[in-house]
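*Asks:* Just dropping this structure here.
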Amino acid sequence: MTKKNSILHLEPEDKKMVNSIAWRMMVGSSSYQYEKMQALSFLYAMTPAIKRYYKDDKERRIAAYKRHWELWNTTPQVAGIVAGLAASMEREAAKNPDYDVSSINTLKVSLMGPLAGIGDSFFWGSLKIIATGIGVSFALQGNILGPILYFLVYNIPASLARHLLPILGFNLGNSFMEKMNKAGIMPFLTKCCNIIGIMMIGAMTCSMVTLKIPFVYEIQGATINVQEIIDSILPNALPMGLTLLCFWMLRKKNVSPTILIVLLIVVSIALHAVGIL
């Protein structure tokens, strides 16, 4: 395989932009916040692509900024492949006014869960433990190689992933989009991504939202646990209800996320003080 045909080859005009995306993705979770998690980091990484492809179109440039200011969260070491893919899709969107730009975010949302599963398992669950074991074995002997080997064993693969995956995503994105458009299955893929994204949001509701009622009654020697009764009817009904209420307030009542967060904190403290939560 020639260098030009390599999956990691970039044309000179693309190389500077993709490298800039890779370096910007290094900030990872440094700007993490509870409303949209790593969204600010992803938007920061996408800025070079947005400025390049929508240079002379202010309205579409602003729309692209807003498009990437959406919920995003995955293992930072593998996030670059999605950034590269998104940059490739933005290029296609800039060329084609009829391009379905909603497919960019749906694809991002559908990929961040599986990538987090792979990235967490490899980098946090395996590589970091191996690196720690190697480093500690030397450190216990008073050898300076302990911390050095830990740093190298973990960070070399992590750094390679951060720099190579954006290139891989960008190149795969080009061929991926061409094949999808020629086959006419892009609408089907977008629908599948929407379904996966909704499923993932549902799973996040169960795992990240906690709401329990501590009421326990005793009647004629029998103990009645209100939370257990609710869970027996519909598990996680209260977290789901709270999530739907928040969505309703955000979309229908136009309550800002900041005010909603403060309101939830105040109400939670008050209800806990009177023994309801």
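*Asks:* Is there any pair with a first residue in segment 250-277 that is more than 14 Å from residue 213 (Cα to Cα) and a second that is open to solvent by less than 70 Å² (accessible area, probe 1.4 Å) and in a loop (DSSP other than H, G, I, E, B) whose Cβ atoms are under 8 Å apart and which are 6 or more apart or on different chains, and what are they?
*Replies:* 263/255
*Asks:* Same structure, new question: What number of residues within segment 59-97 satisfy the criterion of being part of a loop (DSSP other than H, G, I, E, B) and of a type in the set (Asp, Glu)?
*Replies:* 1
*Asks:* Of everything in segment 24-54 that's within 25 Å of residue 261 (Cα to Cα) and hydroxyl-bearing (Ser, Thr, Tyr), which residue is most open to solvent (accessible area, probe 1.4 Å)?
*Replies:* Ranking the candidates gives 34 first.
*Asks:* Give the residue, chosen from 263, 277, that is aliphatic (A, V, I, L, M), open to solvent by less than 80 Å² (accessible area, probe 1.4 Å) and in contact with a Lys or Arg (Cβ under 8 Å, 6 or more places away or on another chain).
*Replies:* 277
*Asks:* Restricting attention to segment 104-111, does a residue exist that is within 20 Å of residue 72 (Cβ to Cβ) and more than 16 Å from the chain's Cα centre (by Cα)?
*Replies:* no
*Asks:* Which is within 30 Å of residue 234 (Cβ to Cβ), open to solvent by 70 Å² or more (accessible area, probe 1.4 Å), at pLDDT below 75 and not small (Gly, Ala, Ser), of 212, 191?
*Replies:* So the residue among 212, 191 that is within 30 Å of residue 234 (Cβ to Cβ), open to solvent by 70 Å² or more (accessible area, probe 1.4 Å), at pLDDT below 75 and not small (Gly, Ala, Ser) is 191.
*Asks:* Still on this structure, please answer the following. Restricting to segment 57-114, count the residues that are acidic (Asp, Glu) and under 26 Å from residue 128 (Cα atoms).
*Replies:* Number satisfying all stated conditions: 0.
The values are calculated or read from the model by the stated rules, or taken from the named source; none is laboratory data. Remember, predicted model here, so these are calculated numbers, not experimental data. In this analysis, Cβ positions are derived from the backbone assuming ideal geometry, glycine residues included, and neighbour counts consider all displayed protein chains. Side chains included, ligands, DNA and RNA excluded: accessible areas come from the protein's heavy atoms. Shrake-Rupley method; radii C 1.70, N 1.55, O 1.52, S 1.80 Å.
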